[in-house]
Protein chains: 2
Amino acid sequence: MTAREDLTTAMADLLWERGYAATSPKDVMERAGVGQGSMYHHFAGKHELAVAAFRRSIDVVLAATSVLEGEGDPIERIERYLAEPRPGTQGCRVGRMTQDPQVVSDPELLGLVADAFEVAGRRWERAIAEAVEAGELPPSVVPAELALTLQAVIQGGYVLARARGSQEPMDAAIRGAVALLHAARGPATSPGPSSNE
Amino acid sequence: MTAREDLTTAMADLLWERGYAATSPKDVMERAGVGQGSMYHHFAGKHELAVAAFRRSIDVVLAATSVLEGEGDPIERIERYLAEPRPGTQGCRVGRMTQDPQVVSDPELLGLVADAFEVAGRRWERAIAEAVEAGELPPSVVPAELALTLQAVIQGGYVLARARGSQEPMDAAIRGAVALLHAARGPATSPGPSSNE
DNA sequence: GTCTATATTTCGATAGAC
DNA sequence: GTCTATCGAAATATAGAC
C-alpha cells in the first residue's frame, strides 16, 4: 500500500509549503502520482489526509527535541538544541499551522498541534529546571516561563526569516537568546566550570 | 467614497481572521456591504485590495512600537512595550502573513511585511543600544541580535497562544524574557537605581 | 485498489445596464 | 459609482467502470 504512504508524504510537504487552505486534493494526488479514485479510497477527504500528514510531521519535529533530554550538562543540551540548523525561510512544519484558521477551527488538527507544543514544552521545561538546579541558570528563572520564551524565539525566528526572505534573522535571534542566557548565568554563580552537583 | 474605506477595512479584518488564501473577494464584499461591481470599480482585484488593507494594518501595528522611542529609561520603555496587551489567540496582523505562501510569493505584499519588521526592528535596536549605554543591559549584548530575539519572542508568543487557544503562553513567554533581561542586567552593573547618564 | 468521468459549489473576474 | 448577470477555471467530492 504505497499509495497511502505517498499521499501522506505529499500532503505533509504541501501543508508545509502552502498551508492547508491553499492545498487542494488535486495538488496532493498529482504530487503523489496517484489517481483521484485511489485517493478517495484511502482517505475520506482533505481533512483525513491532513490528519495523517500532520501526525507524521509532528513526529519529525518532536524527534529533534530529544536533544534536550540527551547527554551532557543541561545548559549544554539547551544550547545544542538552539544551535541546531533550522530552515528559517521554510517555516516550521508545525508552527505554521497555527496561522491557518481552517486548522485552528478543526478540533482534531488543532489538538495535534497543541499536543506537539506541549510535549516539546515539557522537554524544554525539564532541561531548564535541571540547569537551574545545577547553577547554570539563576534561581530567579521560572522554568515553565523560560521554556515558552525559548520556544517562542524559535517560532518567532521562523516568522522573521520568512518576512525577510533570509536565514539570518532566525540565526541572529537565537544568538541573541543564547547571549542573554550567558549574561544571566554569568556573574551570579558558576564558581568552577560546571561538574558540581 | 465610503465604499473604498469599507472594503479596505473589511479586507484588513478578513486577512487577520482568515489569511489571504482563505479570503475571497466575495467575502470582502459581503462584509463591507458593497456590491461586486463597486468593488471592482475601486480595486483591480484581490491583490490590490490586499495591498490597501495591508498598509492600514501595518500602520496600526507600527504605531504601537512608538513606545520604544517614548519617554523614560531605555529599559523601562522596552519593558513597557513588552508589557503591552496583545491578543495572542488572534495572532499578529502582520506576522501571520509570513506563513501565507501566496503573500510571500507576492513581491509587493512581502515587501510591505519586510519593511514593517525592519522599521520595528530599528526601534527595538535603538532602545536596546541606549539601554546598553546606560548600563541597564550588559555590554555583551549585541543590540541588533537582541532586537530580533525580542521581536521573535512576541511573534512566537502569538504562535504558542494560538496553538493552545489561550492567552497564557504569550504572557508567560514575555514574562520569561523580562526575567532574563533582569537577570542579565542584575549583578554586573547598576550601582544605583538608574538616573545616571 | 485504481482509474476516468461527472457533479456541485466557489473563486476571481468581466460585461454591461442603470 | 453601483448594480446584476454571466463566465471560465478550480476546488472538493461522487459515480461507476475496470
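The values are calculated or read from the model by the stated rules, or taken from the named source; none is laboratory data. Note that the structure is a prediction, hence the values are computed from the model and not measured. All Cβ positions, even for glycine, are placed from backbone atoms using ideal geometry, and neighbour counts span all protein chains on display. Each accessible area value is taken on the protein alone, full model and side chains, heavy atoms only, with ligands, DNA and RNA left out. Shrake-Rupley method; radii C 1.70, N 1.55, O 1.52, S 1.80 Å.
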Name, by its number, the condition in (1) open to solvent by 10 Å² or more (accessible area, probe 1.4 Å); (2) not β-branched (Val, Ile, Thr); (3) not in a helix (DSSP H, G or I) that does not hold for B:LEU137. (1)
Index of the failed condition, A:ARG86 passing every other in (1) more than 16 Å from DNA strand D (Cβ to nearest atom); (2) in contact (Cβ under 8 Å) with a residue 24 or more places away in the chain; (3) assigned to a helix (DSSP H, G or I): (3)
Could you tell me how many of the residues in segment B:1-58 are more than 14 Å from DNA strand D (Cβ to nearest atom) and open to solvent by 80 Å² or more (accessible area, probe 1.4 Å)? 3
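To keep it simple, each residue is scored yes or no on (1) more than 17 Å from A:ALA152 (Cα to Cα); (2) under 14 Å from the mean Cα position of the chain (by Cα); (3) open to solvent by 40 Å² or more (accessible area, probe 1.4 Å); (4) among the aliphatic types (A, V, I, L, M).
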| site | (1), (2), (3), (4) |
| --- | --- |
| B:ARG86 | no, yes, no, no |
| B:GLY91 | no, yes, no, no |
| B:VAL94 | no, yes, no, yes |
| B:THR98 | no, yes, no, no |
| B:PRO101 | yes, no, no, no |
| B:GLU118 | yes, yes, yes, no |
Residue that is nearest to the other protein chains (Cβ to nearest Cβ), among those in segment A:129-184 that are touching a residue at least 60 places away in the same chain (Cβ under 8 Å) and more than 15 Å from A:ARG86 (Cα to Cα): A:ALA177
Enumeration of residues in segment A:2-38 that are touching a residue at least 12 places away in the same chain (Cβ under 8 Å), over 22 Å from B:ALA22 (Cβ atoms) and out of contact with any Asp or Glu (no Cβ under 8 Å at 6 or more places or on another chain): A:ALA3, A:ARG4, A:ASP6, A:LEU7, A:THR8, A:THR9, A:SER38
